[in-house]
Amino acid sequence: MTDVTLAVKNLRKTIGRKEIIKGLNFELHKGEVFGFLGPNGAGKTTTIRMLTGLIKPTTGSISICGFDVRRDFTKAMQYLGCIVENPELYPYLSGWDNLLHFARMLPSISEKQIEETIRFVGLDDRIHDKVKTYSLGMRQRLGIAQALLNRPKVLILDEPTNGLDPAGIREMRQFIRNLAENEGLSVLVSSHLLSEIQLLCDRVAIMQKGEIISVDSVENLLTKQEKLAWKVSPLQRGKEILERFTEVQVEDGYIFTPLIDEKAAEWSKTLMEEGISILEMNRKIPVLEDLFLQLTGGETVD
Amino acid sequence: MIKLIHNEMMKILARKRLIVIALITAVLVALFTYAQYKETLERQEKLGSDWRAQVQAQIVDISNRLSSSRMSEDLRERLQITLKQSQYYLDHDINPTEPGAPSFVRMFIENAGSMFIPLLVMVVASDLVSSEHTLGSIKLLLTRPVKRWQILLSKYLALILSISIIIAIVGVLAYLLSGVVFGYRGMNAPIITGFTAQGGNLDTSEVRLVSQWRFLFMEFGLVWFVAVVVGTLSFMLSVLIRSTAAGMGIMLAALISGSILSNMVSSWEFAKYLFMVNLNLTGYLSGVAPPIEGMTLLFSITLLFIWWLASLFVSFLVFTTQDVY
């Protein structure tokens, strides 16, 4: 595998006696968006901090484009761009000075490259204003600009859509997809929102209590867990009919069946023939809790 | 490395700390100048206005005493030095009771060296690292392809540069502002130095005359050294404590307790190993008795150097190994 850009092997972190991260293994490939999904406190941020060299792992290795983060820190960091949590830039400096500040920390970045990056994130008109006058969306874009200054191969974004409005979230999503598809970056995105990951990522790792409990493509992991919600009248009779074909659950007046595209039409036809009116048919994305329940076999999220 | 220091200076300047410091200094200098001016007026009223006659009388008096044979060698030397000084005043038309700008600067720096300047330095030093934590920008700073010790070193060098600028600001402002009132003469006036107070006696074996500008130069050197030590200690606190306010509070408490201790603890010998009672280095030059017996200029400098080295070591050790959350 030559297109592996980030490789994590047996990563562990112990604080005091408590093991916070319990042996993570995963790889990022060129041009993919990789999601890190888990509830708050699952260890996503701790993991990201280890990837970016802010926290020392207790054991295990992280390599970025073949350079070990601990042994070859400066070389590894040349290929990495990141925003850990919010992009906390200097509010008392202008956007331009902020970028200049971070460009000075990189080997040979010209002003022209800074200007290109600014144009790329679309901040041209306000770049000389002080950052404290920026909106959250603009700060987010400036944050991305500083992460992209060194033309990284790997981009790590911790909760990139946190605090953005719906338009901002959409914009951010397109931006990230564009980076992966057209610029060939590997992007690692963490989120606690299932819908977010589903729309954005190619592959996803699900974390819980410091462990990755599953790594798979979004397709396999989430889409297959999608369900079809039926609202039929009368309910009891409808349930009996659907039970003939598949597993059925009843909750809050809805009947849930697995989502199998070609079967759905057939089932609804049968229901109609039996004289049952279908009031509503809905695809249901599983909520995170349900997904965890399925993956962990009943252990609750806490 | 120059680029990194440039970054740090850009941040310090953008927060306008140095301008605030310059303003504070200007206000204080103006106040002191006025106070000094008042005092001079009062003294002239008391002593009469003809200072030349007084100095002349003093010279005659000393000459008479010197011609008497029953006198210890020690006293003779001291009197000769005083004689030389008085003669110089007369020859160069300097009124010893009326300070020129250089004398004012000397007085100001002697009084500011152990408290005021360390305070100014603290304003810059104490949030150099902790503000990055408070802002969260530390996470951006430490994920660049630059080693942590280089980042800290650039901050430290920026601090040293700022300290030098602060002291230059204090010196220049004190000279320029006070000169408006007192005139700018007296750079070459002789200053007596070399007294050492030992066990209640004044040891005058090392006493000599030094020209004012040289004396000022030495004093500024010592004050700079004190400022660097205090700056480094605040810098360490800034690395250790994430909260700027807490760091500043601790440093402030230490500085104030230093000046209280200096007045109180002459019997508590161990106190001389605390850095804060050793800050008045210029006192050794002008012959002020040290707060605790047995303290010398060399002792204080060595002690401060050890404190400096230790805090620098701790800063770098902690900064390069700590986990950043």
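The values are calculated or read from the model by the stated rules, or taken from the named source; none is laboratory data. Everything quoted here is computed from the prediction, not taken from an experiment. Positions of Cβ are backbone-derived with ideal geometry, glycine not excepted, and every protein chain shown enters the neighbour counts. The protein model used for the area step is the full one, side chains on, heavy atoms only, and it has no ligands, DNA or RNA in it. Shrake-Rupley method; radii C 1.70, N 1.55, O 1.52, S 1.80 Å.
Give the stretch A:144-193 a look and list any residue that's basic (K, R) and either over 20 Å from A:G122 (Cβ atoms) or touching a Phe, Trp or Tyr at 6+ places or on another chain (Cβ under 6 Å) (or both), or say none.
Answer for the stretch A:144-193, where residues must be basic (K, R) and either over 20 Å from A:G122 (Cβ atoms) or touching a Phe, Trp or Tyr at 6+ places or on another chain (Cβ under 6 Å) (or both): just A:K153.
Determine which member of the set A:F67, A:F36 is closer than 18 Å to A:V215 by Cα and at pLDDT 85 or above.
A:F36
When both residues are 6+ apart or on different chains and their Cβ atoms are under 6 Å apart, which pairs have a first residue that lies in the stretch B:124-136 and is away from every other protein chain (no Cβ under 13 Å), and a second that is open to solvent by 10 Å² or more (accessible area, probe 1.4 Å) and of a type in the set (A, V, I, L, M)?
Within 6 Å, the pairs are B:S126/B:M248.
So is B:S267 more than 30 Å from A:E85 (Cα to Cα), surrounded by 16 or more Cβ atoms within 10 Å (Cβ to Cβ) and either among the small types (G, A, S) or in contact with a His (Cβ under 6 Å, 6 or more places away or on another chain) (or both) or not?
Taking the combined requirement at face value, the residue does not satisfy it.
Within the stretch A:5-13, can one find any residue that is among the basic types (K, R) and farther than 20 Å from A:S214 by Cα?
no
What number of residues within the stretch A:226-236 satisfy the criterion of being of a type in the set (D, E, K, R) and either in contact with a helix residue (DSSP H, G or I) (Cβ under 7 Å, 6 or more places away or on another chain) or modelled with pLDDT of 85 or more (or both)?
1
Inside the stretch A:84-108, can you point out the residues that are over 21 Å from A:D129 (Cα atoms), of a type in the set (A, V, I, L, M, F, W, C) and either in contact (Cβ under 8 Å) with a residue 12 or more places away in the chain or more than 7 Å from every other protein chain (Cβ to nearest Cβ) (or both)?
Those that are over 21 Å from A:D129 (Cα atoms), of a type in the set (A, V, I, L, M, F, W, C) and either in contact (Cβ under 8 Å) with a residue 12 or more places away in the chain or more than 7 Å from every other protein chain (Cβ to nearest Cβ) (or both): A:V84, A:L106.
With the structure loaded, tell me whether A:D125 is free of Cβ contacts under 8 Å to residues at least 60 places away in the same chain, open to solvent by 10 Å² or more (accessible area, probe 1.4 Å) and in contact with a helix residue (DSSP H, G or I) (Cβ under 8 Å, 6 or more places away or on another chain) or whether it fails that test.
No, not satisfied.
Output the qualifying pairs, or none if there are none: Cβ atoms under 8 angstrom, residues six or more apart or on different chains, first residue in the stretch B:235-256 and hydroxyl-bearing (S, T, Y), second residue outside any helix (DSSP H, G or I).
Listed by first residue and then by second, the contacts come to B:S238/B:S126; B:S238/B:D127; B:S238/B:L128; B:S238/B:V129; B:T244/B:S126; B:T244/B:D127.
Conditions (1) closer than 17 Å to A:V189 by Cβ; (2) in contact with a Lys or Arg (Cβ under 9 Å, 6 or more places away or on another chain); (3) open to solvent by less than 10 Å² (accessible area, probe 1.4 Å); (4) more than 8 Å from chain B (Cβ to nearest Cβ), marked per residue:
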| site | (1), (2), (3), (4) |
| --- | --- |
| A:L51 | yes, no, yes, yes |
| A:I55 | no, yes, yes, no |
| A:C82 | yes, yes, yes, no |
| A:E116 | no, no, no, yes |
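Of all the helices (runs of 4 or more DSSP H) wholly in the stretch B:1-89, which have at least 1 residues that are away from chain A (no Cβ under 14 Å) and either open to solvent by 70 Å² or more (accessible area, probe 1.4 Å) or aliphatic (A, V, I, L, M) (or both)?
Of the helices (runs of 4 or more DSSP H) lying wholly inside the stretch B:1-89, those with at least 1 residues that are away from chain A (no Cβ under 14 Å) and either open to solvent by 70 Å² or more (accessible area, probe 1.4 Å) or aliphatic (A, V, I, L, M) (or both) span B:17-47, B:51-67.
Considering only the stretch A:267-287, state which residues are on the phi < 0 side of the Ramachandran plot and either out of contact with any helix residue (DSSP H, G or I) (no Cβ under 8 Å at 6 or more places or on another chain) or among the small types (G, A, S) (or both).
A:S268, A:K269, A:M272, A:E273, A:S277, A:L279, A:E280, A:N282, A:R283, A:K284, listed by residue number.
Condition first: in contact with a Ser or Thr (Cβ under 9 Å, 6 or more places away or on another chain), surrounded by fewer than 17 Cβ atoms within 10 Å (Cβ to Cβ) and in contact (Cβ under 8 Å) with a residue 24 or more places away in the chain. Now tell me which residues in the stretch B:290-311 satisfy that.
B:E293, B:T296
Let me spell it out: the conditions are (1) within 14 Å of chain B (Cβ to nearest Cβ); (2) surrounded by fewer than 18 Cβ atoms within 10 Å (Cβ to Cβ); (3) in contact (Cβ under 8 Å) with a residue 24 or more places away in the chain, and A:T74 meets all of them except one. Which number is the exception?
Every listed condition holds for A:T74 apart from (3).
Taking the options B:S267, B:S262, name whichever one is hydroxyl-bearing (S, T, Y) and touching a residue at least 12 places away in the same chain (Cβ under 8 Å).
When all the criteria are applied, what remains is B:S262.
Hey, A:E159 hits all of (1) acidic (D, E); (2) within 28 Å of A:V8 (Cβ to Cβ); (3) without any contact (Cβ under 8 Å) to a residue 12 or more places away in the chain but one; which does it fall short on?
(3) is the only condition that A:E159 fails.
Does A:N25 fit the bill of being more than 15 Å from B:P145 (Cα to Cα), within 24 Å of the chain's Cα centre (by Cα) and away from chain B (no Cβ under 11 Å)?
Yes.
Per-residue answers, yes or no, for (1) under 18 Å from the mean Cα position of the chain (by Cα); (2) at pLDDT 85 or above:
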{"residue": "B:Q212", "(1), (2)": "yes, no"}
{"residue": "B:L216", "(1), (2)": "yes, yes"}
{"residue": "B:I250", "(1), (2)": "no, yes"}
{"residue": "B:S267", "(1), (2)": "no, no"}
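Say we look at the stretch B:131-183 and pick out the residues that are of a type in the set (F, W, Y) and under 21 Å from the mean Cα position of the chain (by Cα); which of these is nearest to B:V230 (Cα to Cα)?
B:Y156
Just checking, does the stretch B:152-161 include any residue being at pLDDT 90 or above, assigned to a helix (DSSP H, G or I) and at the interface with another protein chain (Cβ under 9 Å from one of its Cβ atoms)?
Looking for residues that are at pLDDT 90 or above, assigned to a helix (DSSP H, G or I) and at the interface with another protein chain (Cβ under 9 Å from one of its Cβ atoms), one finds none in the stretch B:152-161, hence no.
Name every residue in the stretch A:39-49 that is open to solvent by less than 20 Å² (accessible area, probe 1.4 Å) and on the phi > 0 side of the Ramachandran plot, in order of residue number.
A:G43, the sole residue that qualifies.
Kindly state which strands (runs of 3 or more DSSP E) lie completely within the stretch A:144-249 and contain at least 1 residues that are open to solvent by less than 30 Å² (accessible area, probe 1.4 Å) and under 30 Å from A:M77 (Cβ atoms).
A:154-158, A:186-191, A:203-208, A:211-217
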